[in-house]
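All remarks here apply to the structure that follows.
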Amino acid sequence: EIEAEFMSRLRAKYASNQRSVSRDGLHLTMLIYCITKTYWMNQATFAATDKEALYWAAGLGLEEVLLQDTDKSNRPESKPIDGIIVSPDYQTLTNNALLEFKTARIYLNKLGEPSTGWPDTWIEQMMGYAKAYGVNTYKLGVFFIGPAKLLGRRFQFTPQELDDFWSKMLYRKQKLLEAIAAQLPPEPFAYARDWECKNCPALILCEVAKSQGQFMTFMTHL
C-alpha cells in the first residue's frame, strides 16, 4: 500500500514535468536525444515506469540539495539561442564557471573515470551550453549513487567542435519542426541511440508508424 501510494505520487509529478515543444518551447535536450520521441511527447503525455520515476526523483532531489540556495542566484536563467532554449544547471561560486550536474549509476575504473567512457549525451549537453554562452570549457559534477561519491571534471572543446555540434542541433531542430507541422513523426529509429529505444514509452508508436510507412523521411540522419 505504501509503495503504491508513493509511486502514484511520483508518477503524477513526473508527468506534470514532461515538456512539450508546443507548451514549453524547444529545449536543447529535446534535440540531443531522439527527436522522434520528442515528436510523440509533443502529441501526448506518457506514463512513467516505476524505474523512470524513481531515477527522476533521485536526480531532482540531489540537484535541489547540492545546487540550489534560498536566493537561487547560482542557477543561471534559461535563454534561447537560434530558437533553442538552453538551461545550464549551475554557476560555480568561486569563478562563475558554468557546470552541468548529473547523478549516475555507472561504474568507475581504477583511474576514477567511467569504465565505458563519459556518456556522449552529457558531453553534447555541455557543448550546447558552451556554444550558447561563448565559452570553450565546461565543468561537470557527478554524484555516483552506488558508492556515494562526488566527482568533478572540466571539459575543453575546440571552436570547430562546438560549431559542428551546433550545426547538427540546428538540422535536427529544422526536421523536428517540419515533422510537427506535417503531423508525421521523424523516421522511427533513425534519430535514436540503441539504448534509447529499449525502454521508450513511445516504442509501440514508432513500430506502428514504421510498419505503416507513416513518417517523415529526410535525406540525412544527424
Q: Scan the chain and hand back the longest stretch that contains none of the trypsin sites (Lys or Arg not before Pro) lying in DSSP loops with at most 13 other Cβ atoms within 10 Å.
A: 111-192
Q) Can you list the chymotrypsin sites (Phe, Trp or Tyr not before Pro) in region 105-144 that are in a DSSP coil and have 12 or fewer other beta carbons within 10 angstrom? A) Tyr107
Q) For Ile85, which sequence-distant residues (separation of 5 or more, or a different chain) have an amide H within less than 5 Å of its own amide H, given hydrogens modelled in the peptide plane? A) Leu26, His27, Leu28
Q.
Apply the Karplus curve 6.51 cos²θ - 1.76 cosθ + 1.60, θ = phi - 60°, to the phi angles in region 119-131 and return the couplings in whole Hz, x for Gly and Pro.
A. x, 5, 5, 5, 5, 5, 4, 5, 5, x, 5, 4, 4
Q: Give the label of the value calculated from the structure for volume of the Cα convex hull per residue in Å³, choosing from [x] 121; [y] 188; [z] 151.
A: [z]
Q.
With +1 assigned to the C-beta of every Lys and Arg and -1 to the C-beta of every Asp and Glu, and no other charges, what is the dipole magnitude of the chain about the Cα centre in debye, to the nearest 20?
A. 140
Q: Output the antiparallel fraction of DSSP beta bridges having both residues in the chain, as a percent to the nearest 5.
A: 65
(Q) Under the rule of at least 5 residues apart or a separate chain, name every residue whose amide H is placed under 5 Å from the amide H of Lys102. (A) Gly141, Val142, Phe143
**Q.** Rounded percent of accessible protein surface that carbon and sulfur make up, the chain, 1.4 Å probe
**A.** 54
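The values are calculated or read from the model by the stated rules, or taken from the named source; none is laboratory data. Just so you know, these numbers come straight off a predicted model, no measurement behind them. No Cβ is skipped: glycine too gets one built from the backbone with ideal geometry, and neighbour counts run over all protein chains shown. Please note that ligands, DNA and RNA were not included when accessible areas were found on the heavy atoms of the full protein model with its side chains. Shrake-Rupley method; radii C 1.70, N 1.55, O 1.52, S 1.80 Å.
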